[in-house]
Every structure is written in C-alpha cells, then in structure tokens.
1. Please report, in Å, the Rg and the Dmax of the range 108-283, where both are computed over Cα atoms only.
2. I want to check the label-to-label distance for A277 and R124. Put each point 7 Å from Cα in the C-beta direction and report it in nm to one decimal.
3. If you split all Cα-Cα distances of the range 270-309 into 5 Å bins from zero, what percentages do you get per bin, shortest first?
4. Among A310, A95, A63, which one moves the most in a GNM of the chain with springs linking Cα atoms closer than 10 Å?
5. Would you calculate, for the chain, the mean residue ellipticity at 222 nm contributed by helices, counting each DSSP H stretch of 4 or more residues as -39,500 (n - 2.57) and dividing by all residues, to the nearest 500?
6. Under a GNM of the chain (C-alpha, springs under 10 Å), which listed residue has the highest mean-square fluctuation: L228, L159, L39?
7. Using the Kirkwood formula over every pair of different C-alpha atoms, what hydrodynamic radius in Å results for the chain?
8. Under the Kirkwood approximation for Rh and a Cα-based Rg, what ratio Rg/Rh is obtained for the range 200-320?
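Please treat every number below as a calculation from the coordinates, not as lab data. Since we're looking at a predicted model, the values are computed, not measured. Note that each Cβ is placed from the backbone with ideal geometry, even for glycine, and that neighbours are counted across all protein chains shown.
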Amino acid sequence: MPDFEILVTAPINPAVIAALEAQFPVHCLFNQVDPEAFLQSVAPTVRGLVAAGPILANGVSFATDGAFMSGFPNLEIVANIGVGFDNIDTAYAKANNIVVTNTPDVLTDETADLAMALLLATVREIPQADQYLRAGNWLRKPYRLTASLRGRRLGIIGLGRIGKAIAHRAQAFGLEIAYHGRNQQPDVVFAYHATPRALAEACDILMVVAPGGPETRGMVDANVLTALGPDGILINIARGSLVDEAALIAALQNKHILAAGLDVFASEPKVPEELIAMDQVVLLPHVGSGSRATRAAMDQLMVDNLISFASGRGPLTPIF
Ligand code: 8YV
C-alpha cells in the first residue's frame, strides 16, 4: 500500500517495524536527531500513526494528544499497541473522524494470570522469601509466617474482559467476589457496589483493573484505602493514575492497609523511593501482558488493524 504512510511514534519491536515496512512506507519518529524538523517533513502525507502505552513507550514516546494529532492534516487512523488507550486523546480523534484501534482479547488471559500471581506473591511474600533464602538467612531460622489468601473477599474495580478473567481464576482459589464499575451488569452474579469506597468496605483485597483516563483518575484515594482496613491488600494491574500514590504510600507507612502489589505506577518507569524502601510491597515493571507470545499477538493485531483499514475493509478492533 504505497500511498498509505505510517508514522511510528514509540520505540516498538524492530520486527514489527519490519512487518509494517513489508506493507507500508514507514517513518520512525522516536530515533530522529531532530524530531520536530522530521515531523514537519513527513506529517503532511502520514495517514496512520502507531502508538504505544506507557511501557513500550518507556518515556520516549510522543503523547498522542490533540496537539500532536492536529499536526497531521491527512491522519485517518491511530493504531495502539495495548488494550488501554489513555495515551491517546480519543475525544479529539472522534471529533476529527480519526479511527482508533487497540489490542483487546489477545492479552486478557496473560494479564489475568499475572494479576493472580501478583496477588499470591503479595499475600504470601514470595519475592521477600526468595530474597531471604538467597541472603543465606534460612540457615539461621525459618522465614516468618505470612498473611493468607484463605477466607478473603476480593473486590474488583473494573469488571471488563480482564476483570472477569481474574474473577474466574479467583473463584477457583475459593475467594468471595464483588465488584465496582460504572454500571451494575445484569448478567453478573457477583455483588455490585456503586462506589469504590463501598466495595473496599465489603472486601479485604482490592484489585484495580479499570481503564485509565480522567474518569478514573485517583479513584482509589485515602478514604478507599482506609475502608479496605488494616488487613487490606491493594493490587493494581491497570494504570498508576487510578491510585492516589501519595495516599497509598501513607496508608502503607501508617499500616492503614497491610500490603500492596503494583504492576503500574503514576510516573512509570519512575517508582517512588518510599515504595522501593518498603518490605510489604511487591513491585513489578508493568509486565501484565509481557510474555513473548502475548506481545507478539498484540503487535500482530496492531499490524492487522492497519492493513485491514488501509485496504478498505475497516478496522478490526476499533474503540468506537
Ligand atoms: C501494554 C497495557 O504492554 O495493554 C495495555 O493497556 O498496559 C500493556 O499490556 C502497554 O501499554 C503497551 O504499550
């Protein structure tokens, strides 16, 4: 498709760039010495953008906001690698008839697996116990006893595809499940709570799975954490923006909650020193979807969206 020029905004897998180059003329913005001058030269003819969320971008990406998109007079599609699309100004895209695609489904099970692994690691202190053994401490005395998953109630904020996959797994672990979301879902048997605070009051594990963006920013605040209680465990695999990070640090320091397992952070890849210094947290570098197979499937879905759209068959997974 020689007349469908693509601009890649983030340093994605080189193999994916090669796959795009087999179909389209491709420009890469992220490795330019003078990105502004480069943009000026290519922007008029670019019809598709490849965007990526926080982890692939790793701070090098260009925000796909309205100001950025407005520099492309012939922009028709933004293809995102990632199911979350809070890195894209979707209101601007919609208003300007720009299609936005994401990569749902192909990462659902991988991310749900990681959520359960992070929950177990946090409750049973798996990284801490591993560290204890490696430091030779086991030779002196057994590892301390930990909290337990038994008899716990799991509250899921955001019962979408990934939230439901987590609920399915959590049922097999014998957990009682409740949820909060924008709306109660008529076909769901789990107890619904209209606010994050009410959910936190009813549970002792809070699993954050809802999308990022202005609507959910800071929804897990000091009040919600206090409601979770001193045995409470917070797991966040969604976006750092959903949790008031300063309130979380204070809640952990003051023992208003027991522990936290975090795969995402407010300003990742920067993680607050206070969290790094704590023993009651498990911290992961945003690896929810990060297996080779799942990332390859996400990459392929992004490429397939562009091919399908550019050849007139429409996008495969548009967000609106
Ligand atoms: C991605 C994610 O790895 O899909 C998402 O929304 O958070 C991760 O799975 C990342 O955003 C890719 O850019």
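1. Values for the range 108-283 (Cα only, Rg and Dmax): 15.8, 55 Å.
2. Roughly 3.1 nm, to one decimal.
3. 6, 18, 16, 13, 11, 11, 11, 8, 5, 2
4. Of A310, A95, A63, the Gaussian network model singles out A95 as fluctuating most.
5. On the way: 13 runs with 113 residues, N = 320.
About -10000 deg cm²/dmol.
6. L39
7. Details: mean 1/r = 0.0477 Å⁻¹.
One over the average 1/r among Cα pairs gives 21.0 Å for the chain.
8. On the way: Rg = 17.7 Å, Rh = 16.0 Å.
That ratio is 1.11, to two decimals.
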